[in-house]
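See below for the structure under consideration.
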Amino acid sequence: MREVDIKTELLNVIKDIKAYIKAEEEYGIGEILMPGAGAFETEKASLPSKSKILLSLKNEVLNCKACPLHKTRRNVVFGDGDPHAKLVFVGEAPGYDEDLQGLPFVGQAGKLLTKMIEAMGLSRDSVYICNVLKCRPPENRQPQPEEVVACKGYLLRQIEIISPKVICCLGRHASCALLETEDPISKIRGKEIDFKGIVLIPTFHPAYLLRNPSSKREVWEDLKRIKKLLSEE
Ligand code: SF4
């Protein structure tokens, strides 16, 4: 194994352990039993992977009734992609197609997002895609502040578990929810903003690009910047 592969593997293990300890704390377990000499391989094998921790969180969200949107949803749209992704896209909320399928960004805007990801030389499977709200607002209305407050904790835990290098916020609502700002997207778009040690770059939502194709050029500049950040060690 090359030195760089070993380093990457070790960093992934450290990230998994951090996420594991965080999850244990959230479930009220304050003591971590360390394996004895020679037992490390066995213990490592039994550590919950990021996939398992995300699955555990997903199961929690599937039963969530913390805001009124649970009454009208057909499916919870938790998120989808690689739990070890270096890049996480965050949108605002599921729409009609997403609510129907239980998957994020699968409608027309989702198809455009897939094209944007592929134009970066990445695949949809290699990134992680989710929304601030996990349930569809009726008639695709804007998320209400109290819904964002009720749901945002799930997004923060997803980000903490995945621990990406870059977050790309799609549109004003995702950017405002994470950055807790009222600034319009036109003001913050394309900026590199620190978010808990992760680079956050807001850009336009693909649904906006469907209505305003001339803004694709600016989004492409943002995607190129993200690609450069991902390629840096
Ligand atoms: S939108 Fe979020 S907080 Fe509201 S019911 Fe769905 S999962 Fe729970």
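The values are calculated or read from the model by the stated rules, or taken from the named source; none is laboratory data. A quick note: this is a predicted structure, and the numbers were derived from the prediction, not measured. No Cβ is skipped: glycine too gets one built from the backbone with ideal geometry, and neighbour counts run over all protein chains shown. The accessibility values were calculated without ligands, DNA or RNA, using every heavy atom of the protein model including side chains. Shrake-Rupley method; radii C 1.70, N 1.55, O 1.52, S 1.80 Å.
Key figures for this structure:
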{"item": "Residue ID - surrounded by the fewest Cβ atoms within 10 Å (Cβ to Cβ), chosen from residues in the stretch 66-75 that are closer than 23 Å to G107 by Cβ and within 6 Å of the ligand (Cβ to nearest atom)", "result": "H70"}
{"item": "Wholly enclosed strands (runs of 3 or more DSSP E) of the stretch 124-225 bearing at least 2 residues within 13 Å of the ligand (Cβ to nearest atom)", "result": "128-131"}
{"item": "Search result, residues across the stretch 81-120 that are among the charged types (D, E, K, R) and open to solvent by less than 10 Å² (accessible area, probe 1.4 Å)", "result": "D99"}
{"item": "From N59, N63, residue being more than 10 Å from the ligand (Cβ to nearest atom), loosely packed, with under 14 Cβ neighbours inside 10 Å and modelled with pLDDT of 95 or more", "result": "N59"}
{"item": "Single residue of C169, C151 found to be open to solvent by 10 Å² or more (accessible area, probe 1.4 Å), at pLDDT 95 or above and within 28 Å of K65 (Cβ to Cβ)", "result": "C151"}
{"item": "Of the criteria (1) out of contact with any Phe, Trp or Tyr (no Cβ under 8 Å at 6 or more places or on another chain); (2) modelled with pLDDT of 95 or more; (3) part of a helix (DSSP H, G or I); (4) of a type in the set (V, I, T), which one T42 fails", "result": "(2)"}
{"item": "Unique match (being surrounded by 14 or more Cβ atoms within 10 Å (Cβ to Cβ), hydrophobic (A, V, I, L, M, F, W, C) and under 18 Å from L122 (Cα atoms)) among I226, I193", "result": "I226"}
{"item": "Matching residues in the stretch 66-98 - criterion: being acidic (D, E) and within 14 Å of L170 (Cα to Cα)", "result": "E92"}
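Residue-by-condition table, conditions (1) in contact with a Ser or Thr (Cβ under 9 Å, 6 or more places away or on another chain); (2) among the hydrophobic types (A, V, I, L, M, F, W, C); (3) within 24 Å of P104 (Cα to Cα):
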{"position": "D194", "(1), (2), (3)": "no, no, no"}
{"position": "I198", "(1), (2), (3)": "yes, yes, yes"}
{"position": "T203", "(1), (2), (3)": "yes, no, yes"}
{"position": "L209", "(1), (2), (3)": "yes, yes, yes"}
{"position": "S215", "(1), (2), (3)": "no, no, yes"}
{"position": "W220", "(1), (2), (3)": "no, yes, yes"}
{"position": "K224", "(1), (2), (3)": "no, no, yes"}
{"position": "L229", "(1), (2), (3)": "no, yes, no"}
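To keep it simple, each residue is scored yes or no on (1) assigned to a helix (DSSP H, G or I); (2) touching a Ser or Thr at 6+ places or on another chain (Cβ under 7 Å); (3) in contact (Cβ under 8 Å) with a residue 60 or more places away in the chain.
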{"position": "V61", "(1), (2), (3)": "yes, no, yes"}
{"position": "N75", "(1), (2), (3)": "no, no, no"}
{"position": "F89", "(1), (2), (3)": "no, no, yes"}
{"position": "L100", "(1), (2), (3)": "yes, no, no"}
{"position": "F105", "(1), (2), (3)": "no, no, yes"}
{"position": "K115", "(1), (2), (3)": "yes, no, no"}
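Table: residues versus (1) in contact with a strand residue (DSSP E or B) (Cβ under 7 Å, 6 or more places away or on another chain); (2) not small (G, A, S); (3) not assigned by TED's automatic domain parsing to the domain that holds L54.
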| site | (1), (2), (3) |
| --- | --- |
| S163 | no, no, no |
| L170 | yes, yes, no |
| D183 | no, yes, no |
| S186 | no, no, no |
| F204 | no, yes, no |
| W220 | no, yes, no |
| L223 | no, yes, no |
